[in-house]
Amino acid sequence: MEHSLVFSFFLIFTGAAVIASLALFTRQPLLVAYIVLGALFGPYGMEMVTDTSLLSDIAEIGIIFLLFLLGLDMQPSHLLHMLKKATLVALLSSAVFAAIGYGTGKAFGYTETECLIIGLSLMFSSTIIGIKLLPTTVLHHKHTGELVVGLLLLQDVIAIIVLLALYSTSSGDVSPTTYLKTLLAFPLLIGSAFLFVKYILLNLIQRFDRFHEYIFLVAIGWCLGVAEGAAAMGLSAEIGAFVAGVSLATSPISQYIAESLKPLRDFFLILFFFSIGASFNLGLLDDVIVPALILAVLVLAFKPLVFKVLLQRISESSQMGWEVGFRLGQTSEFSLLIAYLATSTLLIGEEASHLIQATAILTFLVSSYIVVFNFPSPIAVSDRLRRD
């Protein structure tokens, strides 16, 4: 049964308010509540919200705003230093996680291509969970936050290359020129954004800074404009949003913009996690539950360990390595996108796709519990660990 978008929003946000209240009373992470609600109300549950593709498109805006706000808190000089330091860790860890996924897929009899896609899906950690559970006023300006953000950004670059390869496979365009254009687009985007901010955007903001709604409007327009520009250049909208934020980070107005946009970001992120739960076909759960559980256990066990070992190799402390490892100890939204794209281009079957999805959801849930109960975060259930 089809419902209007307004009715769908009523179900999602009223239901989220109720189940979030229960989650807080029982000291559970709110992200878990949103995913469970999606599974309950979605097309494979009670069928009360059926147009999950529309919700997913809307929810993507939440990811874009999240990366934009993150960029506003990152000074370019600190970020560049951390990216240089974390590159080797990002590359080596991605190779290890890909091998784990590939080997597990082979053990359960999936095809060579499906094993490769499963391996690729394990390479990345969740930008949303990693950053959503990162205190914005504390760790973003400390070493832990810089490491987490640097690794996530490098993984995003690797993910773009993977997605580009999948798109090229579906379209038949696998020329080196396609990859070269994408690699050249990134510095071009950065340079254009900083020049526009320096010579145009900041002048406009300084001239009309007494009109608060104008600042709000310009910030949203700048974020979405650079995001769309990045997408048009072959990059991801998320990376474009981050560049938009970093280009404004040195401006005194950046913190005002960050505070103004936080409620808007949270609105869309609730939709994102709801859509994750709603898009999973519960009817295929029996077919993938065993390999999904094994993959989830391997991810949850080995990601923190691998990150800890590699970070110690670049002179980080053991405690720092464990915390960063646990914060990145899950698969990614990119895993879901890889599964969707690989299925739509017939590279993998429905069962392999749902294996990737089930692994992602399981690691999202368990990893959220681990971080919320053990490390500082804005939604920690303990007053001792709660940091905004």
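The values are calculated or read from the model by the stated rules, or taken from the named source; none is laboratory data. Owing to the predicted nature of the structure, the values given are computational and were not obtained by experimental measurement. Neighbour counts are summed over all protein chains in view; Cβ atoms, including those assigned to glycine, are modelled from backbone coordinates with ideal geometry.
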Quiz prompt | region 103-147, residues that are at pLDDT 85 or above, in a helix (DSSP H, G or I) and crowded, with 20+ Cβ neighbours inside 10 Å | solution = THR104, GLY105, GLU114, CYS115, ILE117, ILE118, GLY119, LEU120, SER121
Exercise. Can you run down the residue pairs with Cβ atoms below 8 Å, 6 or more apart or on separate chains, where the first is in region 220-248 and at positive phi and in contact (Cβ under 8 Å) with a residue 24 or more places away in the chain and the partner is basic (Lys, Arg) and not in a loop (DSSP other than H, G, I, E, B)?
Key: GLY234/LYS181
Exercise. Go through region 289-304 and count every residue that is within 14 Å of THR331 (Cβ to Cβ), in contact (Cβ under 8 Å) with a residue 24 or more places away in the chain and aliphatic (A, V, I, L, M).
Key: 8
Exercise. Would you be able to say whether some residue in region 221-230 is modelled with pLDDT of 90 or more and touching an Asp or Glu at 6+ places or on another chain (Cβ under 9 Å)?
Key: yes
Quiz item: So which helices (runs of 4 or more DSSP H) stay within region 184-273 end to end and still have 2 or more residues that are among the small types (Gly, Ala, Ser)?
Solution: 212-232, 237-248
Quiz item: Given (1) within 17 Å of the chain's Cα centre (by Cα); (2) at pLDDT 85 or above, where does LEU310 come up short, assuming only one miss?
Solution: (1)
Quiz item: For GLY229, all conditions in the list (1) in contact with a Phe, Trp or Tyr (Cβ under 9 Å, 6 or more places away or on another chain); (2) buried (at least 16 other Cβ atoms within 10 Å of the Cβ) hold save one; what is the number of the exception?
Solution: (1)
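Residues checked against (1) within 23 Å of GLY150 (Cα to Cα); (2) part of a helix (DSSP H, G or I); (3) more than 21 Å from the chain's Cα centre (by Cα):
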position	(1), (2), (3)
LEU298	no, yes, no
SER315	yes, no, yes
VAL324	yes, yes, no
GLY329	yes, no, no
THR343	no, yes, no
PHE364	yes, yes, no
Quiz item: Do you know which residues across region 320-347 are farther than 17 Å from VAL162 by Cβ and modelled with pLDDT of 85 or more?
Solution: MET320, GLY321, TRP322, GLU323, VAL324, GLY325, PHE326, ARG327, LEU328, GLY329, GLN330
Quiz prompt | Unique residue being in a helix (DSSP H, G or I), modelled with pLDDT under 85 and either of a type in the set (Gly, Ala, Ser) or over 22 Å from the mean Cα position of the chain (by Cα) (or both) when the list is SER94, SER77 | solution = SER77
